[in-house]
Each structure stands twice: as C-alpha cells, then as structure tokens.
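Asker: Following this message is one structure expressed as structure tokens.
The values are calculated or read from the model by the stated rules, or taken from the named source; none is laboratory data. Note that this is a predicted model, so its numbers are computed, not measured. Positions of Cβ are backbone-derived with ideal geometry, glycine not excepted, and every protein chain shown enters the neighbour counts.
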Amino acid sequence: MSTPSYVPWTEKHKPRSIAEIKEIVGEADYIDNFVSWLKNWRPGEKAALLYGPPGVGKTLLVEVVAKEFDYELFQLNASDTRTEGTLRRLVGQSSRTVSLYSSKGKLIFLDEIDGLYGIGEADAVKAIVELIKESRVPIVMAANDPWDPKLRPLREVSVMIEFKRLRSSSIIKHLKKICTKEGIMADERALKIIAELAEGDMRSAVNDLQAVAQGKKRLTVNDVSWLRARNRQYQAFDVLRMLFSAKRCDDARNVINSSLLDYETLMLWIDENLPRQYTDPEELAKAYYYLARADVFLGRMKRRQKWELLKYIIDFMTAGIAMSKIHPYRFTKYGFPQKILLLAKAKDMRAIRESICEKIASKCHLSRKKASTEVMPFLHVMFEASGLAKRDISRWLDLNESMEAFLKKRG
Ligand SMILES: Nc1ncnc2c1ncn2[C@@H]1O[C@H](COP(=O)(O)OP(=O)(O)OP(=O)(O)O)[C@@H](O)[C@H]1O
Ligand SMILES: [Mg+2]
C-alpha cells in the first residue's frame, strides 16, 4: 500500500470507534462518562467540558462518539470562536433550530476553548455561557487548562470530564499496531523508548514514530537512540511544526516563548530542516535569506554585546522564516541537526564503553581501568575478526546488542 508520505500517521492510524479506543486505553471512566452525558442530555442541562494534557484523545473521542451515535458534529476551534459575532452566527442557528430534513441529532463542539485569548475573550466566554443555557442541542468543549480564572463562568455550567496522560503500555500497544500496518518489524525496546519520551502524549509518540520509522522495514534501538538525546521539553519537532505552519507573524514569534530551545539551538534545527520543509526554490531562497540575516545579527550581537539586537534575530528566524512560505504547510519528516547528533553519539558511545568495562571488571576481577586498557583492545580484535569465540564471550560477559556492535566497530 503506498500512501503519500505527507499523510500524518496520527490521521492515518487514528482509532475509528469507541471499541478501538478502549482496546488501546482499557476501560476508562472518562469515556463512559462522556457517552452517558451525551445520551442523557436534555435542553437546559449542563454542557460537557473535556480537559487534560495535549494529545490524549479529547478531540478524538468527541469525533468518534459523534460518529458512532450518529450525531451531526458542528466543530469550531478557538480561532473561529474569537469574536462573539462569529460565534453567534455560526452556532446560533444550529443550536436553536431542529432540522426539518434530518433526523440526526446535533452536537456542537467548541474545541481548544482555552485558546480564546485576546480581543473579545470575555465577550466570547459570556456568549458561550448564554449559548449553553439556551441551546436545544448538547454542547461539548475541550481545553488543556480549564482552571484559568477567565473560564470560570464556563466551568459553572459544565460537567467536567478529566483526561489523564496515557500510560506507556497503552502507547506501546498503539505504536505496535501502527508498525504492523506499515510493515515495520519493530524492536519492542525501541517502541518503549518512544513511548517513555512521549510522557503520556499519544500525538507526540505517533509523530516521533513516523519521524524515525517511516520507510523502514526494521526499527531498532539504534534508530531511536538519538531521540533520547533530545530533551523532551524541547519538543523540537513540535516547535518546527508550529513555526513552519504559522500563518501570522505573531504566531511565529510566539513559538520562541513556547519552546525551551535557546535561539541558537533552534537556528541549528531550522537550518537542518529548511530544505525538507520548503521544496520550492523561491520560498527556500527567501527563508535562507532570513536565516542568514539572523546569523549575521547573532554574530554582531555577541561580538559587540549588543543585546538589543536579539529582537531582530528572533524576528528574522521566526516571522521571516514562516512568512517565506508560498505553499500551504504540509507534514514533513524532520531530521535531527547533524552537529547535535554527533555530540550525542559520542556521549552514547562513552556510556556503552563504560558499561562493557564494568562487565569485564566484575567477571575478571579487574579494576575498570585495567579492563579498559588491557582487555578491551583484545575484545575489539576478536569481535572484528570472524570467529565463533565471539558468541561465547558475549554470553559469558552478558553483552547486549549495542555493546556487541560497539566492539565490532573499533571505538
Ligand atoms: N487514546 C488514543 N488512542 C490512539 N490514538 C490516540 C489516542 N489519543 C490520541 N491519539 C492520537 O493522537 C492524535 C491527537 O489526539 P487528539 O487530537 O484527540 O488530542 P487532544 O487531547 O485533543 O489534544 P489537544 O489538547 O492538543 O487538542 C489523534 O489524532 C490520534 O492519532
Ligand atoms: Mg484537541
């Protein structure tokens, strides 16, 4: 089966039914609570507010439940709800009238309600509260952080349903299924690493899997080891996605605030991935122009201690890069900056070497130093040569795959 490579796996392999979600997460109160709220809803009752960390299936559950119980879904996200007028116009009719032509129930879904910031925010909250009170159809909302004081009026008219981070075991189960469907033989330990790094966020796990495994027949621990080098908080792939998909200068600038990457590291990431994201020579040339400007200013700022230049650097590397876009954003498989990768590998190698020395030291009753200087060189020679002794030694010392690989390639 060949699907275009830019289809995100989070879409392609998204669960399509409640049963499929439960197969992954197990029996869960939040699913049952949401379903029974919807089934029992009558005009005048509370709305539902689904809340919890990103990528745990809030939007997904609403979509799947609507489909399964045959509701017509009216979905609006934060940008649509930003002004009271639009909100009323879009939702007003559907909430007050019951269609003459369709027997389907309707469900209004206000997604990412905590993104209602800026102009008209208080008005929007007020409008939604009124809507909830008047509505002839059920209204469900989703948010990451529902405890923002500004959302209090909404909390008062809603049934709160909490989504927790997903368990590692649930994530691994889903990743395994995806690998099977994609024809990838995946080492369980590799999937475990991806799942652990995702910290309960399925979207992030699936995105990482696609980045490291797409197009491969096998996925090993080695393929994912560099993911470890990435500080989860940096979420560099997410940062790049946000940056490259930004439609407005402000959104692009905000990427810097939401990322813990320092701007120099972010520049490495952008540099590495520009040609992957921008394939049209014209947009690529424009983007490189801005990146080069950022680099020149960075040099100047450091040499002359002119910190006030930082805002220009940030503008060039965020707004400049995002506004170079000519074609709509498309999913891209990003790569790890080679420079950072080299450093991380060196660190990994040191760790492997040390653990081999430890094994030798304890088996041969030597100091680690002696193990390293006197035994290790022989092991290298033996592992490089083709001979059967390798297997026995490896078993005796209890070496794992990466240790063997390390010994085969002279470190
Ligand atoms: N329980 C799950 N089982 C399988 N896949 C899941 C699950 N939860 C999320 N996903 C995957 O992650 C993607 C993102 O999930 P979703 O959009 O529902 O997250 P969310 O909780 O709404 O996050 P946000 O707060 O960022 O809006 C889904 O498209 C799906 O591919
Ligand atoms: Mg969502």
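Asker: Tell me the residue from SER169, SER204 that is of a type in the set (Ser, Thr, Tyr), assigned to a helix (DSSP H, G or I) and farther than 30 Å from TYR263 by Cβ, please.
Answerer: Among SER169, SER204, only SER169 is of a type in the set (Ser, Thr, Tyr), assigned to a helix (DSSP H, G or I) and farther than 30 Å from TYR263 by Cβ.
Asker: Follow-up. What are the residues in the range 292-308 that are in a helix (DSSP H, G or I) and either surrounded by fewer than 18 Cβ atoms within 10 Å (Cβ to Cβ) or outside the structural domain of SER245 (by TED's automatic domain parsing) (or both), if any?
Answerer: Selection gives ALA292, ARG293, ASP295, VAL296, GLY299, ARG300, MET301, LYS302, ARG303, ARG304, TRP307, GLU308.
Asker: Right, next: Of everything in the range 336-348 that's part of a helix (DSSP H, G or I) and touching a Phe, Trp or Tyr at 6+ places or on another chain (Cβ under 7 Å), which residue is modelled with the highest pLDDT?
Answerer: Here the residue is LEU341.
Asker: Conditions first: (1) surrounded by 12 or more Cβ atoms within 10 Å (Cβ to Cβ); (2) without any contact (Cβ under 8 Å) to a residue 12 or more places away in the chain; (3) within 30 Å of ARG241 (Cβ to Cβ). LEU366 passes all but one, so which condition is the exception?
Answerer: Looking at each condition in turn, LEU366 falls short on (3).
Asker: Right, here's the next one. Going through the range 143-178 one residue at a time, which ones are touching a Phe, Trp or Tyr at 6+ places or on another chain (Cβ under 7 Å) and away from ligand 2 (no atom under 16 Å from the Cβ)?
Answerer: Residues satisfying the conditions are VAL159, MET160, ILE178.
Asker: Let me ask something else about it. Hand me the list of helices (runs of 4 or more DSSP H) wholly inside the range 1-77 holding 3 or more residues that are touching a His at 6+ places or on another chain (Cβ under 6 Å), near ligand 1 (Cβ under 10 Å from one of its atoms) and in the same structural domain as ILE108 (by TED's automatic domain parsing). Break it down into steps so the answer makes sense when it comes.
Answerer: Numbers: elements: 9-12, 18-25, 29-40, 58-68.
In the range 1-77, there are no helices (runs of 4 or more DSSP H) which contain 3 or more residues that are touching a His at 6+ places or on another chain (Cβ under 6 Å), near ligand 1 (Cβ under 10 Å from one of its atoms) and in the same structural domain as ILE108 (by TED's automatic domain parsing).
Asker: Pick out the one residue from ILE326, ILE314, ILE352 that is modelled with pLDDT of 85 or more and surrounded by 13 or more Cβ atoms within 10 Å (Cβ to Cβ). It would help to see each step written out before you state the result.
Answerer: Working: ILE326 fails: surrounded by 13 or more Cβ atoms within 10 Å (Cβ to Cβ); ILE352 fails: modelled with pLDDT of 85 or more.
Sole residue among the options that is modelled with pLDDT of 85 or more and surrounded by 13 or more Cβ atoms within 10 Å (Cβ to Cβ): ILE314.
Asker: For the range 357-411, which positions are in contact with a Phe, Trp or Tyr (Cβ under 8 Å, 6 or more places away or on another chain) and over 24 Å from THR220 (Cβ atoms)?
Answerer: Answer for the range 357-411, where residues must be in contact with a Phe, Trp or Tyr (Cβ under 8 Å, 6 or more places away or on another chain) and over 24 Å from THR220 (Cβ atoms): just LYS363.
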